[in-house]
Amino acid sequence: MYFWKHLRTVMKHRRLVRKGCFAVGLYKQGLTHDLSKYSPTEFRSGLKYYQGTRSPNSKERELFGYSMAWMHHKGRNRHHFEYWTDLSVKTKRYEPVHMPRKYLVEMVMDRIAACKTYHGKDYKEGDALEYLQGSLEGRDLSMMHEQTKRELLYLLTMLRDKGEKETFRFIREVVLKDRPFAE
């Protein structure tokens with residue numbers, strides 16, 4: 001029943017990420033973004049828990065306390081901060097690792113595209129920051145490296161305050177040139 005709706009949602013999201021990534025010169029990320037969503041594990045879950053207004057993973061998590069689709073997805077997609085954890089040599093515990101810039105930028109494009117996809121004509125450039133701030137209050141982001149968090153907040157605040165055009169220019173000229181920011 002939801003096959004075409006879910007497929008359209010995934011395709012729209014990927015198209016918007018691709019457009020954003022291409023605008024800043026990340027062609028490989030744009031082309032390969034979220035290909036795992038077509039895998040049986042993620043696609044079947046997307047069909048079963050489709051709602052059209054938010055990620056099906058949220059519904060699956062509400063029902064079972066976890067989402068198999070999300071666990072599959074985050075382990076295969078480097079644009080999610082949850083991917084960037086490793087065992088610390090010092091503490092022998094899993095700890096966050098600073099994300100490489102190209103994946104940080106892909107994460108920004110992913111958040112913009114998700115908000116545009118789910119909010120439609122009601123999308124505002126502050127939506128991605130608002131969603132992240134809601135996440136900061138509503139769940140544990142301790143597995144996001146502090147510098148990655150500062151950089152993400154900086155870019156999403158810039159998006160809200162200065163718009164997409166200026167933020168994408170900044171990403172091209174500063175972020176992807178490995179120049180310091182959000183120190």
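Take the residues in region 52-62 that are open to solvent by 40 Å² or more (accessible area, probe 1.4 Å) and touching a residue at least 12 places away in the same chain (Cβ under 8 Å); name whichever of them is farthest from Arg101 (Cα to Cα).
Thr53
Are any residues in region 3-30 part of a loop (DSSP other than H, G, I, E, B) and surrounded by fewer than 16 Cβ atoms within 10 Å (Cβ to Cβ), and if so, which ones?
The answer is Gly25, and nothing else.
Is one or more of the residues making up region 31-51 within 30 Å of Lys177 (Cβ to Cβ), touching a helix residue (DSSP H, G or I) at 6+ places or on another chain (Cβ under 8 Å), in contact (Cβ under 8 Å) with a residue 60 or more places away in the chain and assigned to a helix (DSSP H, G or I)?
No; the residues of region 31-51 include none that is within 30 Å of Lys177 (Cβ to Cβ), touching a helix residue (DSSP H, G or I) at 6+ places or on another chain (Cβ under 8 Å), in contact (Cβ under 8 Å) with a residue 60 or more places away in the chain and assigned to a helix (DSSP H, G or I).
As an exercise: evaluate Asp178 against (1) farther than 20 Å from Tyr27 by Cα; (2) open to solvent by 40 Å² or more (accessible area, probe 1.4 Å) and give the number of the one condition it does not meet.
Only one criterion in (1) farther than 20 Å from Tyr27 by Cα; (2) open to solvent by 40 Å² or more (accessible area, probe 1.4 Å) is unmet by Asp178, namely (1).
Glu183 - would you say it is surrounded by fewer than 15 Cβ atoms within 10 Å (Cβ to Cβ), in a helix (DSSP H, G or I) and modelled with pLDDT under 95?
Spelling it out, it is not the case that Glu183 is surrounded by fewer than 15 Cβ atoms within 10 Å (Cβ to Cβ), in a helix (DSSP H, G or I) and modelled with pLDDT under 95.
The values are calculated or read from the model by the stated rules, or taken from the named source; none is laboratory data. The shown structure was predicted, so the numbers you read here are calculated from the model rather than taken from an experiment. Every residue, glycine as well, gets a Cβ built from its backbone with ideal geometry; the counts of neighbours run over all protein chains shown. Note: accessible area is taken over every heavy atom of the protein model, side chains too, but ligands, DNA and RNA are not part of it. Shrake-Rupley method; radii C 1.70, N 1.55, O 1.52, S 1.80 Å.
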